[in-house]
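Here's the structure we're looking at; comments come further down.
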Amino acid sequence: MVDALDTAVRLRAFAVLGDLKQVHGDSPIPREALLKGFDFEGRRVPLISAQQGIFKPAILAQVPLSITTTPPVPNRPRPYDDSIGEAGVLSYRYRGTDPQHRDNVGLRLAMARQTPLIYFHGVVPGLYEPAWPVYVVGDDPAKLTFSVMVDDVPTSVMQFNDPVGEDARRRYITTLVQRRLHQKGFRERVLLAYQRCCAVCHLKHAELLEAAHILPDTHPQGEPTVRNGLALCALHHAAFDAHILGITPDLKIDIRGDILEEIDGPMLVHGLQGFQGRGIRTPRNAQLKPHRDFLAERYEIFRRAG
């Protein structure tokens, strides 16, 4: 039996999240806005908990509203080994090691009822990227892990006549969300490390900054880590990807020879040619600086392209 109050609260939560994404655009949502939540019939309903990953607000009877993955902190392991898994499935760890903990029981009930939840992916401390609705689709007590999939149908009462097709559709949607979460996480971690400043020209407008891979994500070592990233403005990211601008292992800027000789007005002079031989800006934390071996391999590609 569907609880009318439970459904109404969830649908309102989904609508509030939609409004927050409209406000914040392509950026993750600040933790404070999620803790503030919304008012429902005179009661405040937070979207996340200040301490717990599995969160059921007091207004709901049994099933949690959201699950949250802790943002990564450099050189510190996550308290819970949640992961963006393979084959279109998210892995989410139990609360503690007791399968009968009330939070774990709540997620098991969500699985049995196919109740839609919200998944908050911690991008960097204080910022979260949401995905909703998500559904618990598996439970592995031996590994203390739930399996979760993303959907685009925010209701727990819809009935499906094709379970195989439904599974395939959810896996496809979850895979797309996984890619988006990877990209958002990489961008925010790189921009945070570079203090939201272009490594080449020092532009500080975050909306004009991007996270560039040193080694592409198709490379065996092209993982979305800060040491494989550079914060670049849109112009210098495009120039880096087009092998017009290279960066040496010693962190010096090298502009392709034909571009240095070209005459094409002040934008070319001040946007590219003028940076020849200059050093790039790097993170203050030495453990987050660009990996020298990655830069060396990428610079060799730049040299061959020129």
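The values are calculated or read from the model by the stated rules, or taken from the named source; none is laboratory data. These numbers were taken from a predicted model, which means no experiment stands behind them. So basically every Cβ, Gly included, is an ideal-geometry build from the backbone, and we count neighbours across all protein chains shown.
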Query raised in the report: Can you find a residue in region 64-73 that is among the aliphatic types (A, V, I, L, M) and either crowded, with 18+ Cβ neighbours inside 10 Å or modelled with pLDDT of 90 or more (or both)?
Result: yes
Query raised in the report: When only residues in region 274-292 that are in contact (Cβ under 8 Å) with a residue 40 or more places away in the chain and part of a helix (DSSP H, G or I) count, which is nearest to LEU245 (Cα to Cα)?
Result: PHE275
Requested in this report: Hey, could you check region 257-273 for residues that are exposed (fewer than 13 other Cβ atoms within 10 Å of the Cβ) and outside any loop (DSSP other than H, G, I, E, B) and say which is farthest from the chain's Cα centre (by Cα)?
Outcome: GLU261
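The rows are residues; the columns are (1) under 14 Å from ALA199 (Cβ atoms); (2) surrounded by 14 or more Cβ atoms within 10 Å (Cβ to Cβ).
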| site | (1), (2) |
| --- | --- |
| LEU235 | yes, yes |
| PRO249 | no, yes |
| ARG284 | yes, no |
| PRO290 | yes, yes |
Query raised in the report: Do the conditions hold for PRO224, that is, is it outside any helix (DSSP H, G or I) and either in contact with a Pro (Cβ under 9 Å, 6 or more places away or on another chain) or farther than 30 Å from SER27 by Cα (or both)?
Result: no
Query raised in the report: Does ILE173 satisfy the condition of being surrounded by 19 or more Cβ atoms within 10 Å (Cβ to Cβ), over 15 Å from the mean Cα position of the chain (by Cα) and hydrophobic (A, V, I, L, M, F, W, C)?
Result: no
Query raised in the report: Within region 48-55, can one find any residue that is over 13 Å from TYR128 (Cα atoms), among the polar types (S, T, N, Q), modelled with pLDDT under 95 and not in a helix (DSSP H, G or I)?
Result: yes
Requested in this report: Evaluate region 74-84: report whether one residue or more is at pLDDT below 95, closer than 21 Å to LEU176 by Cα and surrounded by fewer than 19 Cβ atoms within 10 Å (Cβ to Cβ).
Outcome: yes
Report task. Being without any contact (Cβ under 8 Å) to a residue 40 or more places away in the chain, in contact with a strand residue (DSSP E or B) (Cβ under 6 Å, 6 or more places away or on another chain) and not small (Gly, Ala, Ser) is the filter; apply it to region 21-56 and report the residue that is surrounded by the most Cβ atoms within 10 Å (Cβ to Cβ). Result -> PHE55
Requested in this report: Output yes when any residue across region 27-39 is assigned by TED's automatic domain parsing to the domain that holds LYS184, touching a Leu at 6+ places or on another chain (Cβ under 7 Å) and of a type in the set (Gly, Ala, Ser), and no when none is.
Outcome: yes
Query raised in the report: Going through region 200-216 one residue at a time, which ones are surrounded by 14 or more Cβ atoms within 10 Å (Cβ to Cβ), part of a loop (DSSP other than H, G, I, E, B) and out of contact with any Cys (no Cβ under 9 Å at 6 or more places or on another chain)?
Result: ILE214, LEU215
